[in-house]
Amino acid sequence: MSDGLTEALKGTYFNNKKVMKQLLYFSAEWCGPCRQLGPIMEELQREGYPVRKIDVDKNAEISQQYGVRNIPTVILTVDNVDKGRKVGAGPKQAYIDLYNQG
């Protein structure tokens, strides 16, 4: 993969800091709820949360690896281990709570 996604999923670096915990945001361009959730995920990223956007159409193997069947799906990973997930679009606080649970 040329977009650096493989390294991101290994928990390498985000904003020049070692990332052990991150939110993986699975979406697609054609998905209406994903378009609603996108600005929330971008806002969380601007606030310093390590969010990785993964296009399920371009990264089917990674989507399968994490068992993503519906989008949008946001998965909290800690040291590359799935620690929780939220399926469907929700309020910003739901994703902050998800991140804080790990």
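For region 54-75, what are the residues that are within 20 Å of GLN93 (Cβ to Cβ) and of a type outside the set (Val, Ile, Thr)?
Residue satisfying the conditions is PRO72 alone.
Considering only region 44-78, state which residues are of a type in the set (D, E, K, R) and touching a helix residue (DSSP H, G or I) at 6+ places or on another chain (Cβ under 7 Å). Walk me through it before giving the result.
Going through region 44-78, the residues of a type in the set (D, E, K, R) turn out to be 46-47, 52-53, 55, 57-58, 61, 69.
Selection gives ARG52, LYS53.
Which of the residues that make up region 44-78 are within 23 Å of GLN101 (Cα to Cα), more than 13 Å from the chain's Cα centre (by Cα) and outside any loop (DSSP other than H, G, I, E, B)?
Result: ARG46, GLN65.
Report the residue count in region 67-87 for those that are buried (at least 17 other Cβ atoms within 10 Å of the Cβ) and touching a residue at least 24 places away in the same chain (Cβ under 8 Å).
Taking region 67-87 first, the residues buried (at least 17 other Cβ atoms within 10 Å of the Cβ) are 68, 71-77, 85-86.
Narrowing further to those that are touching a residue at least 24 places away in the same chain (Cβ under 8 Å): 68, 71-77.
Number of matching residues: 8.
Kindly evaluate ASP57 against the criterion of being loosely packed, with under 15 Cβ neighbours inside 10 Å, in contact (Cβ under 8 Å) with a residue 60 or more places away in the chain and acidic (Asp, Glu).
Values: loosely packed, with under 15 Cβ neighbours inside 10 Å: yes; in contact (Cβ under 8 Å) with a residue 60 or more places away in the chain: no; acidic (Asp, Glu): yes.
So ASP57 fails the test.
Values quoted throughout were computed directly from the atomic coordinates according to the rules given, and no laboratory measurement underlies them. Source: prediction; values computed, not measured. All Cβ positions, glycine included, derive from the backbone under ideal geometry; neighbour counts span all protein chains shown.
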